[in-house]
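Take a look at the structure below.
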Amino acid sequence: MIDIYEPKFVEKLFDKMSTSYSKMNYLTSFGFSERWRKQCVEEINIEKGKTTVDLMTGMGECWKHILKNSDNTSKLIAIDFSTEMINRARKKKRKYKGYNIDILKENIFENSIPNNSADYVISGFGLKTFNNKQLEKLAIEINRILKPGGKFSLIDVSVPNRTLLNPFYMFYLKKMVPVFGKLFLGNPETYKMLGVYTEAFKNSGAVYNIFRNLKFEVENVDYFYGCATGIKGYKTTI
């Protein structure tokens, strides 16, 4: 039986999706993905001269929001383990001349980011590909790399909390999105996994509990009736 949370499986999945992921992310969120990324970043008010880590950076979709108020004294560390996603992120970096951007092709659980080095941590749409044990490891890793008082904001597509919206949205994810996958990739099974991950993930409730248990100050965040959820907060100084 395939373990859909096994890192190599996830890496290959995103390698396959890399050519059309931006379009598909837009479709799976009904066009809200860009707005949600912007809101996710704005939750923590990134200041100039600080270091931000963008976990599961993909093709750098969050960068324009992270770098909006940055200058050449700021630093962005972008990390992802998908070869194809990282290749596209490196191409995108060319558009941001004058900005200090380090791109790391590394697994988040085996990364080279120093302890207590980040002022902010962002993650857009990477949570659902982790099981609860991996989410615990993710929380430990974010705790390791954040400075005391450092802030984080994480978001992912979720199962809506409105009764009328829920079945429609899940039908869309599980039935219609694979059709788009066939159009873009000729392979409906690849994008079918987005619905599988989302249905298993449900929302960020479990993520909230995991981070709270690590003594983070943490809050739940809902986007558009729960079609996306996330958490935000900071690392305590105690």
When the chain is fully extended, how far beyond the present Cα-Cα distance does ASN115 get from GLU199, taking 0.36 nm per residue of separation?
26.8 nm
Among the stretch 71-106, those whose backbone N falls under 20 Å of a label point 7 Å along Cα→Cβ from THR19 are 82-92
Mind sorting TRP36, TRP63 by how few other Cβ atoms lie within 10 Å of their own Cβ, fewest first?
TRP36, TRP63
Taking the Cβ of GLY226 as the centre, find all other residues whose Cβ is under 12 Å away and add up their charges (Lys, Arg: +1; Asp, Glu: -1).
0
I want the local charge near MET56. Using Cβ-Cβ distances under 13 Å, sum +1 for each Lys or Arg and -1 for each Asp or Glu among the other residues.
-4
Residue pairs, from the table LYS93/LYS151; LYS95/LYS232; LYS105/LYS175; LYS147/LYS192; LYS16/LYS137, whose Cα atoms sit over 31 Å apart:
LYS105/LYS175; LYS147/LYS192
FRET efficiency (THR73, LYS38; Cβ distance; R0 22 Å; to 0.05) is 0.45
Does anything in the stretch 18-49 have its amide N under 12 Å from the 7 Å Cα→Cβ label point of MET176, and if so which residues?
27-31
With θ set to phi - 60°, apply the Karplus curve 6.51 cos²θ - 1.76 cosθ + 1.60 along the stretch 3-19 and write out the HN-Hα couplings as whole Hz, x wherever there is a Gly or Pro.
8, 6, 9, 5, x, 5, 5, 5, 4, 5, 4, 6, 4, 5, 7, 4, 6
Using R₀ = 30 Å, calculate the FRET efficiency as 1/(1 + (r/R₀)^6) where r is the Cβ-Cβ separation of TYR26 and ASN213; round to 0.05.
0.30
As a footprinting exposure proxy, order PHE152, PHE216, PHE224 by other Cβ within 10 Å, with the fewest listed first.
PHE224, PHE216, PHE152
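Read-outs throughout are calculated quantities, based only on the coordinates presented, and are distinct from any laboratory measurement. Note that this is a predicted model, so its numbers are computed, not measured. So basically every Cβ, Gly included, is an ideal-geometry build from the backbone, and we count neighbours across all protein chains shown.
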